[in-house]
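Down below is the structure, laid out as structure tokens.
The values are calculated or read from the model by the stated rules, or taken from the named source; none is laboratory data. Computed from a predicted model, the values in this text were never measured in an experiment. Cβ atoms come from the backbone with ideal geometry, glycine included; neighbour counts cover every protein chain shown.
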Amino acid sequence: MFAIKRELKLNNVETSLMRGNAGFKRWVYNFGLDLLTASWSFEDVLASDSKRLNAIKKVFTQITMQKPEHAWMKLYPSTVYQSAFIDLKDAFSRWRKGVSEFPKKKSKKKGDSFTIYKTAGIYPVKGEPATPFTNRVVINEGKQIKLPGLKTFRLKERINFICSSQTFTVSRTADKWFVSFTLDAEKLPPIIHPIEKIGVDLGVKVLGTCSDGSKYDMPASTTRAKTKLSKLQWRNRQKILGNKKLKIRASKNALKFYRKTQRQNARIANIRQDTTQKMTTDLSRKSCIIRIEDLNILGMIGLHKLARAVSNNCFYEIRRQLTYKQAHYGTTVELVDRWYPSSKTCSKCNHIQDMKLSDRIFNCQKCKHIQDRDENAATNLENAPNSKVRLA
Ligand SMILES: [Zn+2]
């Protein structure tokens with residue numbers, strides 16, 4: 001499976017249609033989030049999040065949506081609210097598992113997005129068997145795309161082959177709109193990997209240090225872009241974007257500044273995404289087995305300072321990318337137990353000693369082996385005993 005993301009070329013009418021869809025999704029998501037958290041105060045009701053959400057969905061479709069003041073909701077495809085509930089369910093299960101923080105309300109400021117998909121609808125025709133295309137949209141070559149439940153839109157860059165997909169996500173970053181969808185096709189022929197096994201130590205300063213000696217750095221352009229952003233924010237530190245309670249309207253200049261920051265943030269995110277994509281593709285081409293540390297993401301969220309570093313360095317994102325690239329590249333991603341002392345162990349003699357976070361060099365007290373801290377950790381990850389390793 002692989003994903004395609006293309007920028008949409010929208011006119012004003014189409015842009016407001018997309019905004020409307022995203023607003024509808026946001027409304028439903030926040031509605032579900034509010035009701036679900038409120039339902040926890042009824043102590044006599046024992047039900048899982050997912051059961052509660054199903055009940056909330058019924059309330060939404062049978063009561064809320066039928067109110068005359070909510071007639072506008074019927075202008076949008078039903079899959080928009082369906083997928084809002086799916087997203088909410090995912091957000092809660094990620095939170096329960098400890099991979100994410102508690103789901104937050106969606107806000108317009110965070111960008112817009114919504115998901116639509118083709119439903120089986122009136123197909124398959126009674127008595128006729130369902131075909132693989134029953135609930136798929138065929139996407140033709142060219143610069144146009146038909147979105148299920150909506151109309152046909154123009155693309156900035158063409159799609160070079162005929163393909164099909166079921167689910168489409170439309171999103172806005174700064175002032176650009178994108179559509180993304182996944183294809184169930186193998187893009188690449190099987191690959192012969194030059195290395196059998198590699199250990200990668202994911203870090204804060206260096207993005208990844210590998211047991212074969214190679215390193216992946218965050219490009220200097222992120223630092224530059226971040227400096228530019230903080231300068232922009234400092235110079236405009238007095239600007240406020242209005243206040244609804246005090247009935248202050250946002251000034252034109254404040255809006256301009258707000259758009260500028262959004263674009264700058266998008267640029268930083270793009271560089272980061274580009275870097276991690278290149279790194280994970282490179283690793284997946286290089287080695288058959290990739291071993292990374294199984295980080296305790298929840299534990300790290302607790303530590304405030306590290307949390308920022310973690311989100312900056314997108315540990316979770318790298319792990320996600322490596323995992324989904326397994327299918328293309330025929331790799332196996334293995335997670336090394338987070339209690340395995342990869343940075344405290346000597347990669348030569350297995351002697352374990354205490355290491356401070358500030359110690360950059362591993363200096364073995366027993367066999368006098370000297371190695372860069374991260375390289376030593378990467379080697380240990382590669383050689384970790386199988387009992388400490390699980391599949392991603
Ligand atoms: Zn040693």
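Computed values, structure above
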| quantity | calculated |
| --- | --- |
| The one condition in (1) touching a residue at least 24 places away in the same chain (Cβ under 8 Å); (2) surrounded by 13 or more Cβ atoms within 10 Å (Cβ to Cβ); (3) outside any loop (DSSP other than H, G, I, E, B) that R96 fails to fulfil | (2) |
| Candidate set from the range 342-392 (those that are of a type in the set (D, E) and under 30 Å from the mean Cα position of the chain (by Cα)); member that is nearest to L283 (Cα to Cα) | E382 |
| Failed criterion for K156 (all others in (1) assigned to a strand (DSSP E or B); (2) closer than 30 Å to P385 by Cα hold) | (2) |
| Pairs where the first residue, in the range 241-257, is without any contact (Cβ under 8 Å) to a residue 24 or more places away in the chain and the second is surrounded by 11 or more Cβ atoms within 10 Å (Cβ to Cβ) and part of a helix (DSSP H, G or I), C-beta under 8 Å, 6+ apart | L241/A254; L241/L255; L241/Y258; G242/A254; A250/Y258 |
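For (1) in a helix (DSSP H, G or I); (2) exposed (fewer than 15 other Cβ atoms within 10 Å of the Cβ); (3) in the same structural domain as L88 (by TED's automatic domain parsing), each residue gets a yes or a no:
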residue: L8; (1), (2), (3): no, no, yes
residue: V13; (1), (2), (3): yes, yes, yes
residue: G20; (1), (2), (3): yes, no, yes
residue: W27; (1), (2), (3): yes, no, yes
residue: N30; (1), (2), (3): yes, no, yes
residue: L36; (1), (2), (3): yes, no, yes
residue: S50; (1), (2), (3): yes, yes, yes
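Yes/no per residue for (1) touching a strand residue (DSSP E or B) at 6+ places or on another chain (Cβ under 9 Å); (2) assigned to a helix (DSSP H, G or I); (3) surrounded by fewer than 13 Cβ atoms within 10 Å (Cβ to Cβ):
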| position | (1), (2), (3) |
| --- | --- |
| D212 | yes, no, no |
| Y216 | yes, no, no |
| T223 | no, yes, yes |
| W234 | no, yes, yes |
| K245 | no, no, yes |
| N253 | no, yes, yes |
| Q264 | no, yes, no |
| R267 | no, yes, no |
| I271 | no, yes, no |
